[in-house]
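The values are calculated or read from the model by the stated rules, or taken from the named source; none is laboratory data. Worth saying up front: this structure is predicted, and the values here are computed from it rather than measured. Glycine also receives a Cβ, built like all others from the backbone with ideal geometry; neighbour counts cover every protein chain displayed. Please note that ligands, DNA and RNA were not included when accessible areas were found on the heavy atoms of the full protein model with its side chains. Shrake-Rupley method; radii C 1.70, N 1.55, O 1.52, S 1.80 Å.
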Amino acid sequence: MSLFLKTYCRIKGGEVHINGELFCQHMDEDPFLRSLYKHIGLSYPKFFKMDELSRLGFIGAEMTLMRSELENYADDEVAVIFSNRSSSLQTDFQYYETLKGGIASPALFVYTLPNIEVGEICIRHKLYGENNFLITERFDAAQLLEQCEALFEDNAAKAVLIGWTEVESDNHDGFFAFITASGMNEVTAESLTDLYLNR
C-alpha cells in the first residue's frame, strides 16, 4: 500500500522547519517552547499547565495540522500515533522530587504517562480517531508507517498525525508528519527517515 506525506514539521536545536523550510530559530525569550507559542500567536491557556513533552507535541501538532487541510476530514477519520525513547521520564523525575518533599503534585502526576501528550492534541483539535503512543529506542519510521498502513487497511482512519517527541532538559527533538492514504508525495520509511535526519 502506498502512503503519502501531506506536510511535516521538524523542531530541533532551537529551530523549526516546516516542509523543509526554516520557520523560525533561536527565539529571544526562554524557555524555547513558550517563546514559540507566543511567536505563532496561540491562545490556549492550558498550554502553560502542560509538561515539556506535551508542550513539544502540542506545538508540533499545531504547526503540522494548520497545513494539513484537516477540515477535509471528519473528526473520527484522523488518528494520532506518537513515539519516543524516554517516555515521560523528565516529568517522572520531577514528580518523584515532589514525593520526596512529602507533597505529591497532582498537576505533575497527570503527565507521568506519555500518552497524555496525544490526549492533549486530540482534545485541542477534537480528534476522535484511533491514537497510540509507542516507546522505541530511536525514531522508527518503518514502525510508524506500518501503524498508518494498518489503520488505512482497516478503514479505521483516512489520515494519521505521526510524531516523535523527545525532551531532555532544554533539548527538544520533535518530528511531526501528516500521512494520508492518497495524495501526491509518496512516502517511504527511508524518505521519512531522511526528512527526520536532514529536516
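I want to confirm something. Restricting to the range 18-39 and keeping residues that are open to solvent by less than 80 Å² (accessible area, probe 1.4 Å) and in a helix (DSSP H, G or I), which single residue is nearest to V110 (Cα to Cα)?
Applying the filter and picking the extreme gives L33.
Right, L134: surrounded by fewer than 19 Cβ atoms within 10 Å (Cβ to Cβ), part of a loop (DSSP other than H, G, I, E, B) and either within 16 Å of the chain's Cα centre (by Cα) or at pLDDT below 95 (or both) or not?
The answer is no for L134.
Is it the case that some residue within the range 40-50 is within 29 Å of D194 (Cβ to Cβ), buried (at least 21 other Cβ atoms within 10 Å of the Cβ) and modelled with pLDDT under 95?
Scanning the range 40-50, I find no residue that is within 29 Å of D194 (Cβ to Cβ), buried (at least 21 other Cβ atoms within 10 Å of the Cβ) and modelled with pLDDT under 95, so the answer is no.
Which pairs have Cβ atoms under 9 Å, sit 6 or more apart or on different chains, and link a residue in the range 158-171 that is over 26 Å from A79 (Cα atoms) to one that is aromatic (F, W, Y)?
Listed pairs, sorted by first residue: D170/F32.
Please state which of the following conditions E77 fails to meet, knowing it meets all the rest: (1) in contact with a helix residue (DSSP H, G or I) (Cβ under 9 Å, 6 or more places away or on another chain); (2) modelled with pLDDT of 95 or more.
Of the numbered conditions (1) in contact with a helix residue (DSSP H, G or I) (Cβ under 9 Å, 6 or more places away or on another chain); (2) modelled with pLDDT of 95 or more, the odd one out for E77 is (1).
Of all residues in the range 82-110, which are open to solvent by 80 Å² or more (accessible area, probe 1.4 Å) and in a loop (DSSP other than H, G, I, E, B)?
Within the range 82-110, R85, I103 meet the criteria.
When you look at S68, is it within 24 Å of A142 (Cα to Cα) and surrounded by 15 or more Cβ atoms within 10 Å (Cβ to Cβ), yes or no?
In short, yes.
Is it true that L53 is closer than 21 Å to W164 by Cβ, open to solvent by less than 40 Å² (accessible area, probe 1.4 Å) and outside any strand (DSSP E or B)?
Considered against the rule, which asks whether it is closer than 21 Å to W164 by Cβ, open to solvent by less than 40 Å² (accessible area, probe 1.4 Å) and outside any strand (DSSP E or B), L53 comes out as yes.
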